[in-house]
Amino acid sequence: MDLVMMFVCVMLQFTAVKKKKKKRNPHCGLLVFSSSQSMGSERVEMRKRQMQVHQEAAASVLQARHRMGNTPTNASNACCFCWCCCCSCSCLTVRSEDETIQRSTFERRTEGTTNCEESPKPSLDDARSWPMSFEKVMKSAAGRSCFRQFLRTEFSEENMMFWLACEELKKETNKTVVEEKVRQIYEDFISILSPKEVSLDSRVRDVINRNMLEPTSHTFDDAQQQIYTLMQRDSYPRYMNSSAYTDLMKSLEEPPPEP
């Protein structure tokens, strides 16, 4: 009997050891949790570094404005790279009244004329030259106006508006005004939140984002050229074959009514 009891005890101990081995190691869960926690920490640190870069860039711009005696009233409230609206952020503050006035003035200039009738009427020779090249259209004030009216019917007027805004920017020499115009153009035509966003590829957008760190009158040169090419290849041929251009030519070729 003693031998039997000893055998039973040994078997019970052996079974107990096997069950313990089959049990999940509590440290495994800790390792998995630690790993996921580490990955989360890395993402947080990466986001912090990105925000730090934005803050440093924004601070350099604000310092430059301060040295020129034009520090914006909401500078102390800026907590990210909001001045160029390149990120969606809840910290955007209400602009000052002076800035709002500057913006409305800028928009009036970039809007320009709304249709052919409100611009100088093209001469017959001028309108006849437009089919020769897209450059002929863009160099003519009347040509730009009529082409813009056609773009409005195709819901792509923002392409001309952006191109004109870039032309205005190139004429500006005052650094403070350049920075303000660059920010406004970004908000109006580059930001993905804008209803007037123009179509640009990722390469050009990367160039713009780099240029925004030190805005100049040539910040949007690559983007302007891409939009120019888009209008030239896409919209310009359709305009030349449209009823809008045909009707314009008929109206110019008709003899003026006798008094």
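The values are calculated or read from the model by the stated rules, or taken from the named source; none is laboratory data. Since this is a predicted model, take the numbers as computed values, not measurements. Glycine gets a Cβ as well: all are built from the backbone with ideal geometry, and neighbour counts include every protein chain shown. Please note that ligands, DNA and RNA were not included when accessible areas were found on the heavy atoms of the full protein model with its side chains. Shrake-Rupley method; radii C 1.70, N 1.55, O 1.52, S 1.80 Å.
Scanning segment 201-215 for residues that are out of contact with any Asp or Glu (no Cβ under 9 Å at 6 or more places or on another chain) and not small (G, A, S) gives D201, R205, D206, N209, R210, M212, L213, E214. In the set (1) over 19 Å from M160 (Cα atoms); (2) of a type in the set (V, I, T); (3) touching a residue at least 60 places away in the same chain (Cβ under 8 Å), the condition left unmet by I227 is number (1). Total residues in segment 217-259 satisfying the condition of being of a type in the set (F, W, Y) and either over 21 Å from S199 (Cβ atoms) or open to solvent by 50 Å² or more (accessible area, probe 1.4 Å) (or both): the figure is 1.
Annotation: E172 fulfils all but one of (1) crowded, with 19+ Cβ neighbours inside 10 Å; (2) closer than 26 Å to V137 by Cα; the unmet one is (1). In a residue-by-residue description of segment 178-192, the property of being in a loop (DSSP other than H, G, I, E, B) and under 28 Å from M132 (Cβ atoms) applies to no position. Does L200 satisfy being closer than 27 Å to F134 by Cα and either hydroxyl-bearing (S, T, Y) or open to solvent by less than 10 Å² (accessible area, probe 1.4 Å) (or both)? So L200 does not fit the description; no. The set of residues from segment 186-224 being hydroxyl-bearing (S, T, Y) and without any contact (Cβ under 8 Å) to a residue 60 or more places away in the chain comprises S194, S199, S202, T216, S217, T219.
Applying a threshold of 9 Å to beta carbon distances and a minimum spacing of six or more residues, or different chains, the list of pairs starting in segment 142-171 at a residue that is on the phi > 0 side of the Ramachandran plot and modelled with pLDDT of 95 or more and ending at one that is assigned to a loop (DSSP other than H, G, I, E, B) and open to solvent by 30 Å² or more (accessible area, probe 1.4 Å) is empty.
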